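Participant: Take this structure, written in structure tokens, and hold onto it; I'll ask about it next.
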Amino acid sequence: MLKLILMLLPLAAFAQKGASADPKIQVLIITGRDDHDWRGATDLMRQYLNAAGVFEVRTTEEFRDAGPTALAPYDVAVLVYNDKAATDHWSDRTKAALLDFVRGGKGLVVYHHSTGSFKDWPEYAQLCGGNYYGTAHHGPIHDFTVQFTDRDHPITRGLRLSFPQYHDELYASMQMQPPGKYHVLATAWDDHALYTGKSRVPIVGPGTNEPVMWTVDAGKGRVFSTMIGHSAEATKSAGFRVTFTRGVEWAATGKVSQVVPIEMSEQTK
């Protein structure tokens, strides 16, 4: 009997340690429809979240008629989705489920081209904070610098002042919600000379600082919107990887526990 007790003690200690460990943040990536490389981007996003060590990630490619029970187990949803085809539109049931999920205290991350979705759904536009609707446009894919405008937010705290973003698409003149409805974390300079006179909408002056990352308070929930990462390759930058994983954690919990990697640290020149 004594021998059996001694054998079981390490197992009991292990179980107690496991029970006291912080549970991982439950993430659902909603994808499956887009004319961008949603497969490549989604696979990399899963890798980045898994590597962060604080998330448990699942993916769904069929969400068009999902209800509240599909979202119930999760702390945050990540949208890698665009409904350009009529068959990709969501049902009213699904729209209501996402709104209730976020407004009830959960998180949402809106990625790049997902801001061009659901043009007939004003509540979605409010969640996003800004959308690729109407006069929104972009110049040619190019390298640019992302500059943080708020370095005291949990997502950006401890990060370097700026970072290079390579071979990416810079959205401009997005349809933003009224001032005070969103909070800009980062901008990038849209150089009007790159359009070579071929912009599809009038542009004035040498360029503009365009918002590329911002947050939205939605009821009891939180939204992080990031406009960088047009392609799977563009998501490989340190700036995208770090701000994305930190943004997902913040949207889920309102705070960020991840250590800033050296390549994005404010200590790095």
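The values are calculated or read from the model by the stated rules, or taken from the named source; none is laboratory data. Here the structure is a predicted model, which is why all the values come from computation and not from measurement. Note: ideal-geometry Cβ built from the backbone for every residue, glycine included; neighbour counts use all protein chains shown.
Participant: Give me the pairs, please: first residue somewhere in the range 28-46 and farther than 21 Å from ALA97 by Cα, second residue anywhere and part of a strand (DSSP E or B), beta-carbon distance under 6 Å, and either six or more positions apart or on two chains.
Facilitator: Once the first residue is farther than 21 Å from ALA97 by Cα and sits in the range 28-46, its partners that are part of a strand (DSSP E or B) give THR42/ILE29; ARG46/VAL57.
Participant: OK, next. Quick one: would you say GLY197 is on the phi > 0 side of the Ramachandran plot and either touching a residue at least 12 places away in the same chain (Cβ under 8 Å) or surrounded by 15 or more Cβ atoms within 10 Å (Cβ to Cβ) (or both)? Quick ask: steps written out before the conclusion?
Facilitator: Values: on the phi > 0 side of the Ramachandran plot: yes; either touching a residue at least 12 places away in the same chain (Cβ under 8 Å) or surrounded by 15 or more Cβ atoms within 10 Å (Cβ to Cβ) (or both): no.
Against the criterion (on the phi > 0 side of the Ramachandran plot and either touching a residue at least 12 places away in the same chain (Cβ under 8 Å) or surrounded by 15 or more Cβ atoms within 10 Å (Cβ to Cβ) (or both)), GLY197 does not qualify.
Participant: Kindly evaluate ASP152 against the criterion of being assigned to a helix (DSSP H, G or I) and either without any contact (Cβ under 8 Å) to a residue 60 or more places away in the chain or under 23 Å from VAL57 (Cα atoms) (or both). If you could, list the steps in order and put the result at the bottom.
Facilitator: Numbers: assigned to a helix (DSSP H, G or I): no; either without any contact (Cβ under 8 Å) to a residue 60 or more places away in the chain or under 23 Å from VAL57 (Cα atoms) (or both): yes.
For ASP152, the condition - assigned to a helix (DSSP H, G or I) and either without any contact (Cβ under 8 Å) to a residue 60 or more places away in the chain or under 23 Å from VAL57 (Cα atoms) (or both) - is not met.
Participant: Out of the residues in the range 199-214 that are touching an Asp or Glu at 6+ places or on another chain (Cβ under 8 Å) and in a strand (DSSP E or B), which is nearest to HIS112 (Cα to Cα)? Step through it out loud before you land on a result.
Facilitator: First pass over the range 199-214, keeping only residues touching an Asp or Glu at 6+ places or on another chain (Cβ under 8 Å): 206-210.
Filter once more, so that each one left must be in a strand (DSSP E or B): 207-210.
Values: GLY207: 21, THR208: 19, ASN209: 17, GLU210: 14 Å.
Per the criteria, the residue is GLU210.
Participant: Just checking, how many residues over the range 77-113 are assigned to a helix (DSSP H, G or I), of a type in the set (S, T, N, Q) and at pLDDT below 95? Even if it seems obvious, please write down each step before you answer.
Facilitator: Residues of the range 77-113 that are assigned to a helix (DSSP H, G or I), as a first pass: 86-88, 92-103, 112-113.
Checking which are of a type in the set (S, T, N, Q) leaves us with 87, 94.
Adding the requirement that they be at pLDDT below 95 leaves 87.
Residues meeting the conditions: 1.
Participant: Just checking, does the range 185-194 include any residue being surrounded by 15 or more Cβ atoms within 10 Å (Cβ to Cβ), part of a loop (DSSP other than H, G, I, E, B) and not small (Gly, Ala, Ser)?
Facilitator: No, every residue in the range 185-194 fails to be surrounded by 15 or more Cβ atoms within 10 Å (Cβ to Cβ), part of a loop (DSSP other than H, G, I, E, B) and not small (Gly, Ala, Ser).
Participant: If the requirement is being in a loop (DSSP other than H, G, I, E, B) and modelled with pLDDT of 95 or more, which of these qualifies: TYR48, TYR74?
Facilitator: Working: TYR48 fails: in a loop (DSSP other than H, G, I, E, B).
Exactly one of TYR48, TYR74 is in a loop (DSSP other than H, G, I, E, B) and modelled with pLDDT of 95 or more, namely TYR74.
Participant: In the set ASP100, ASP120, ASP92, which member is over 20 Å from THR42 (Cβ atoms), surrounded by fewer than 19 Cβ atoms within 10 Å (Cβ to Cβ) and in contact with a helix residue (DSSP H, G or I) (Cβ under 7 Å, 6 or more places away or on another chain)?
Facilitator: Working: ASP120 fails: in contact with a helix residue (DSSP H, G or I) (Cβ under 7 Å, 6 or more places away or on another chain); ASP92 fails: in contact with a helix residue (DSSP H, G or I) (Cβ under 7 Å, 6 or more places away or on another chain).
Of the residues listed, the single one that is over 20 Å from THR42 (Cβ atoms), surrounded by fewer than 19 Cβ atoms within 10 Å (Cβ to Cβ) and in contact with a helix residue (DSSP H, G or I) (Cβ under 7 Å, 6 or more places away or on another chain) is ASP100.
Participant: Against the definition (surrounded by fewer than 15 Cβ atoms within 10 Å (Cβ to Cβ) and in a helix (DSSP H, G or I)), how does ALA125 come out, yes or no?
Facilitator: Details: surrounded by fewer than 15 Cβ atoms within 10 Å (Cβ to Cβ): no; in a helix (DSSP H, G or I): yes.
Spelling it out, it is not the case that ALA125 is surrounded by fewer than 15 Cβ atoms within 10 Å (Cβ to Cβ) and in a helix (DSSP H, G or I).
Participant: Give GLY134, GLY139, GLY107, GLY130 a once-over and let me know the one that is touching a strand residue (DSSP E or B) at 6+ places or on another chain (Cβ under 8 Å), in contact (Cβ under 8 Å) with a residue 40 or more places away in the chain and exposed (fewer than 14 other Cβ atoms within 10 Å of the Cβ). Spell out the reasoning first.
Facilitator: On the way: GLY139 fails: exposed (fewer than 14 other Cβ atoms within 10 Å of the Cβ); GLY107 fails: exposed (fewer than 14 other Cβ atoms within 10 Å of the Cβ); GLY130 fails: exposed (fewer than 14 other Cβ atoms within 10 Å of the Cβ).
Only one candidate passes the filter, namely GLY134.
Participant: Considering (1) assigned to a loop (DSSP other than H, G, I, E, B); (2) β-branched (Val, Ile, Thr); (3) out of contact with any Asp or Glu (no Cβ under 8 Å at 6 or more places or on another chain), say which one ILE228 fails and leave the rest.
Facilitator: (3)
Participant: If you scan the range 231-262, which residues turn out to be out of contact with any helix residue (DSSP H, G or I) (no Cβ under 9 Å at 6 or more places or on another chain), of a type in the set (Val, Ile, Thr) and not in a helix (DSSP H, G or I)?
Facilitator: Within the range 231-262, VAL259 is the sole residue that qualifies.
Participant: So, one more: So for the range 174-184 (the condition being free of Cβ contacts under 8 Å to residues at least 40 places away in the same chain, farther than 28 Å from LYS255 by Cβ and not in a strand (DSSP E or B)), does at least one residue qualify?
Facilitator: no
Participant: So which of GLU249, GLU210, GLU169 ends up being buried (at least 17 other Cβ atoms within 10 Å of the Cβ), of a type outside the set (Val, Ile, Thr) and either under 25 Å from LEU71 (Cβ atoms) or out of contact with any strand residue (DSSP E or B) (no Cβ under 9 Å at 6 or more places or on another chain) (or both)? Can you show your working first?
Facilitator: Working: GLU210 fails: either under 25 Å from LEU71 (Cβ atoms) or out of contact with any strand residue (DSSP E or B) (no Cβ under 9 Å at 6 or more places or on another chain) (or both); GLU169 fails: either under 25 Å from LEU71 (Cβ atoms) or out of contact with any strand residue (DSSP E or B) (no Cβ under 9 Å at 6 or more places or on another chain) (or both).
It is GLU249.
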